[in-house]
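Report on the structure given below.
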Amino acid sequence: MKARAALFRGVGEPLEVAELDLEEPGPGEVLVRMAAVGICGTDLHVIKGEWERPKPMVLGHEGAGIVEAVGEGVEGVGPGDSVVLSWAPSCGECSDCRRGRPAACMALQRAIGGGTLLDGRTGLSLDGETVYRGTTTGAWAERVVVGEQVALPLGEEMPLEEAALLGCAALTGVGAALFAARVERGSSVLVVGAGGVGQFIVQGARIAGAAEIVCVDPLPERRELVGSLGATRVVDPGGVKEVMEEALPEGADYAFDAVGNPETTALAFRWTRNGGLCVIVGLPAAGARIELDPVEFVRREKRLTGTIYGSEDPAVALPILLEHVRAGRLDLRSQLGPSFPLDRVNEAVEASLAGAPGRVLVTP
């Protein structure tokens, strides 16, 4: 079977759209025709060379599409079903998967680093050369073959461009607030970074009932957007001290770093109140290190933690998020940015790198 896909061959090189050989779905696998795929910070880390991955590779993992065919034994979805891709299938054996945290699974992490599916295959090739999968998915393509656990049924009518955001940014951002931090009603929240994930953290904090939500971002368009999504105050990095001293002089009950570099983590931790919780959500470049003062933990009893993929099993979290969408509490449409067909994938990447206020989509 053939499928066109965007190939990443190296830092500084444009992505190449090529027709690949794609293995037919085997037992427990699903063939999905992709409708929309978001450009995530994870993809950009690879494109910028901040993470080393095998090449050539098809990037992309945050997407939605329609099931075209299923392999033997697949029961959860069938041809014609709308699905959201989850990049974190469970191995079913390790302690992380048994406790409902498949995104922390070491077998999965090895597969991500190796550019393969969970079983070590890629199922992709070009003229006999192995082609690797970004984040165990490789969704910047017309079609993908993935395990049944990866293709989560949407179960309702909604635009697939919006549903694509549920595959990573929404599960990560809303989950950081609701499942990782467990933001309490009436509390105060600081969000550093108003990109795709940061926007969903703001929404998660609002859904949880936070009374004050301060969001920091250098881009005016993003600040304007998060203001409409629930942030009570928005500020550029240069004005954080003034705004926080006015609104939350003792610091925020919960602070989130949606960017994931040492400077933004330090900013979030600095404005976490004594006894408060700071959560690192954004993924850093390889080799990044944080300098910490032990006094912040001992005398001020601050807590610092991380979260991956919302700290919940995607199969459990997705129905919860869909209920918030149905109830009008979770807004997807306003977070959509520009869309580009597969042949213009390089323009999509440039728009994302430039800081487009909404999620940039590739629509194969």
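Look at Arg222, Arg33, Arg9 and count the other Cβ atoms within 10 Å of each Cβ; fewest to most, that gives Arg9, Arg33, Arg222.
Subtracting the Cα-Cα distance from 0.36 nm times the residue separation, let me have the gained length for Ala211 to Lys2 in nm, one decimal.
Using 0.36 nm per residue and subtracting the Cα-Cα distance, I get 70.1 nm.
Summing +1 for each Lys or Arg and -1 for each Asp or Glu, what net charge is found among the other residues whose Cβ lies under 12 Å from the Cβ of Gly120? Local charge sum for Gly120: +2.
Modelled spin labels at Glu129 and Ser334, positioned 7 Å past Cα toward Cβ, are 4.6 nm from each other.
Here segment 238-350 is assigned +1 on the Cβ of each Lys and Arg and -1 on the Cβ of each Asp and Glu. Its dipole about the Cα centre then comes out at about 200 debye. Summing Cβ point charges (Lys, Arg +1; Asp, Glu -1) relative to the Cα centre of segment 182-306 gives a dipole of roughly 360 debye. In this label model, Ala286 and Arg182 are separated by 3.6 nm, measuring between points 7 Å along each Cα→Cβ vector.
Only Lys, Arg, Asp and Glu carry charge here, each on its Cβ (+1 for the first two, -1 for the last two); on that basis segment 1-149 has a dipole of about 480 debye about its Cα centre. With each label modelled as a point 7 angstrom along the Cα→C-beta vector, the Glu250-Arg326 pair spans 4.0 nm. Over all other residues within a Cβ to Cβ distance under 15 Å of Glu62, the charged ones net out to -1, with Lys and Arg as +1 and Asp and Glu as -1.
Any chance you could tell me what percent of the C-alpha pair distances in segment 182-306 go past 18 Å? Tail of the P(r) past 18 Å holds 46 percent of the pairs. What number, in percent, do you get for the relative contact order of the chain if the mean sequence gap of Cα pairs under 8 Å and at least 6 apart is divided by its residue count? Reported relative contact order: 18 percent.
Spatially, segment 304-349 and segment 176-243 are offset by 16 Å when compared through their Cα centroids. A dipole drawn for segment 182-306 from +1 and -1 charges on Cβ atoms has a positive end, and of Val235, Ala285, Thr305 the residue lying farthest that way is Thr305. Think of the chain as having a plus end and a minus end, set by charges on the Cβ of Lys, Arg, Asp and Glu; of Val349, Met57, Ile207, Ile207 sits farthest toward the positive end of this dipole.
Taking a ≥ b ≥ c as the square roots of the eigenvalues of the Cα gyration tensor, an a/c ratio of 1.5 or more together with a/b no larger than b/c marks segment 1-130 as oblate. The order of Tyr132, Tyr309, Tyr254, going from fewest to most other C-beta atoms within 10 Å of their C-beta, is Tyr132, Tyr309, Tyr254. All C-alpha pair distances within the chain, sorted into 20 Å bins from zero, spread as 31, 58, 11, 0 percent across the bins.
Read-outs: derived from the displayed coordinates by stated rules, not from any lab. Here the structure is a predicted model, which means the values were calculated and not measured. Because the Cβ atoms are built from the backbone with ideal geometry, glycine has one as well, and the counts that use them run over all protein chains shown.
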